[in-house]
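Heads up: the structure comes next, in structure tokens.
The values are calculated or read from the model by the stated rules, or taken from the named source; none is laboratory data. Quick caveat: nothing in here was measured; it's all calculated off a predicted structure. No Cβ is skipped: glycine too gets one built from the backbone with ideal geometry, and neighbour counts run over all protein chains shown.
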Amino acid sequence: MINQLITMLHWKQRSHLKYASGQRQTSYKLGRLLVLLIALILIHSLAMVYFENLAWADALWLSVTTVTTVGYGDMSPVTWQGRLATALCLYLFAISLLAQLAALFFEVRLKTREDKLKGNWIWDDMKNHLLIINTPDENTDTYLERLVGQIRATPKFEHLPLQILTQKYPNGLPHELTQHGIVHYHGAAQSTASLEAANLGEAKYIVILARDAGDSLSDSLSFDILSRIEELGSTAMIAVECIVDENRQRLIKAGADVVLRPIRAYPELLVRALANPGTEAVLENLFTHDESHLQRIDIHLQDIPWKDIITVFLNNDFGIPMAYIDASGVHSNPLASSLCSGSAIIAMIRAGQTVSPDDIRRALS
């Protein structure tokens, strides 16, 4: 199994080098054809000046209109030497070169478009971007659409370039993702060559997603990716999803700035943690009773200012009120001057702490 994995990584690296080499060869071929075409035009223009006694501007005009087959007929060679030079330089070679150049240019354009669509294009101008590494194995489209939507809805990331490194979309990203201006590179996250192709060193933020939110082996893959990032060198803020809590400190030591559990139903938590590091710890604690957690306290309220409720809670060490509930629903963090009438208060309290409705009534009265 290990040998197969190593073989796959070597193949991906060779493919990346082969692709980059192909790009250079194509660019060289285009440049060579263009230089030859310009050289033939200049040689023909020089012949027109020498044999036809034309001014340089007129000679160049005659060469360009002839090689592009426009042929206005406003001037033409009359000497046998000029006609021979035109036949050899332009009719025999230059027009053929122009046709090859045009064909290769359009071929490159089509190939470039296909490479960008299928994730084979290296975006050299991708800088200060948010790089998402890996994609979930299940419900990938839905999750990424919500994740990218939340990223774009966050002012800090609203105009940030987005790129995904994944092997999930060999035929192109769904329209729901491309409409957010996101691009992808088709490659393995555990390949150094793929990480380089995704311009990891230029990224401002990096998100490493767990492929399988229920498989602890995903943590091993994330640790390997962090190791490669350290080798390549990156100053980006890195957020990593962690399956097993025991691995959190290992991932932090490996270079992660933010570590949180994968919560597929709420990608918003990942975005909030990336925008405001540290909030992930508070948000995760709200789901457990290990530390501070949310508690509903049923108590009748009648036109009590929210600032008074906060003051009573803090002065009596009841925790921190987060919201109140009335017939219309839950009201989170209302204005300090809001008059609160309802049937319950939601507060964040410490583990082991007990706050009763009677305690709050006595304090309010």
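Just one of (1) assigned by TED's automatic domain parsing to the domain that holds residue 225; (2) in contact (Cβ under 8 Å) with a residue 40 or more places away in the chain trips up residue 155, so point out which.
Checking residue 155 against (1) assigned by TED's automatic domain parsing to the domain that holds residue 225; (2) in contact (Cβ under 8 Å) with a residue 40 or more places away in the chain, the one that fails is (2).
Do we find a residue being outside the structural domain of residue 244 (by TED's automatic domain parsing), of a type in the set (Asp, Glu), in a strand (DSSP E or B) and modelled with pLDDT of 90 or more anywhere in region 306-322?
Just the residues of region 306-322 that are outside the structural domain of residue 244 (by TED's automatic domain parsing), to begin with: 306-322.
Retained after the next criterion (residues that are of a type in the set (Asp, Glu)): 308, 317.
Filter once more, keeping what is in a strand (DSSP E or B): none.
Looking through region 306-322, none of the residues is outside the structural domain of residue 244 (by TED's automatic domain parsing), of a type in the set (Asp, Glu), in a strand (DSSP E or B) and modelled with pLDDT of 90 or more.
Yes or no, residue by residue, for (1) among the small types (Gly, Ala, Ser); (2) surrounded by fewer than 12 Cβ atoms within 10 Å (Cβ to Cβ); (3) at negative phi; (4) not assigned by TED's automatic domain parsing to the domain that holds residue 48:
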site	(1), (2), (3), (4)
74	no, yes, yes, no
90	no, no, yes, no
101	no, no, yes, no
104	no, no, yes, no
135	no, no, yes, yes
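Are there any pairs with C-beta distances below 7 angstrom linking a residue in region 65-82 that is part of a helix (DSSP H, G or I) to a residue that is among the small types (Gly, Ala, Ser) and exposed (fewer than 12 other Cβ atoms within 10 Å of the Cβ), with the two at least 6 apart or on different chains, and if so which?
Correct list of pairs: 65/71.
How many residues are part of a helix (DSSP H, G or I), touching a Leu at 6+ places or on another chain (Cβ under 9 Å) and either of a type in the set (Gly, Ala, Ser) or within 25 Å of residue 165 (Cβ to Cβ) (or both) when one looks only at region 103-119?
2
Only residues that are in contact with a Gly (Cβ under 9 Å, 6 or more places away or on another chain) and assigned to a loop (DSSP other than H, G, I, E, B): list them for region 160-170, please. Break it down stepwise before answering.
The initial filter retains those residues of region 160-170 that are in contact with a Gly (Cβ under 9 Å, 6 or more places away or on another chain), namely 161-162, 164-167, 169-170.
If the condition is that a residue be in contact with a Gly (Cβ under 9 Å, 6 or more places away or on another chain) and assigned to a loop (DSSP other than H, G, I, E, B), then 161, 167, 169, 170 are the ones that fit.
Only one of these is touching a His at 6+ places or on another chain (Cβ under 8 Å) and farther than 30 Å from residue 156 by Cα: 360, 349. Name it. Walk me through it before giving the result.
Details: 360 fails: touching a His at 6+ places or on another chain (Cβ under 8 Å).
On inspection, the qualifying residue turns out to be 349.
Can you work out which of the residues in region 275-305 that are in a loop (DSSP other than H, G, I, E, B) and acidic (Asp, Glu) is surrounded by the fewest Cβ atoms within 10 Å (Cβ to Cβ)? If you could, list the steps in order and put the result at the bottom.
Start the filter on region 275-305 by keeping residues that are in a loop (DSSP other than H, G, I, E, B), which leaves 276-278, 286-292.
With acidic (Asp, Glu) added as a condition, the list becomes 290-291.
Details: 290: 9, 291: 14.
Among them, the one singled out is 290.
Considering only residues that are within 15 Å of residue 140 (Cβ to Cβ) and of a type outside the set (Asp, Glu), which ones fall in region 181-213?
At the first step, the residues of region 181-213 found to be within 15 Å of residue 140 (Cβ to Cβ) are 182, 184, 186, 189, 207, 209-213.
182, 184, 186, 189, 207, 209, 210, 211, 213, listed by residue number.
Here's a check for you: in region 179-196, which residue that is of a type in the set (A, V, I, L, M) and more than 22 Å from residue 146 (Cα to Cα) is farthest from the chain's Cα centre (by Cα)?
First pass over region 179-196, keeping only residues of a type in the set (A, V, I, L, M): 182-183, 188-189, 193, 195.
Next, only the ones that are more than 22 Å from residue 146 (Cα to Cα) stay: 188, 193, 195.
Values: 188: 15, 193: 17, 195: 12 Å.
Taking the candidates together, the pick is 193.
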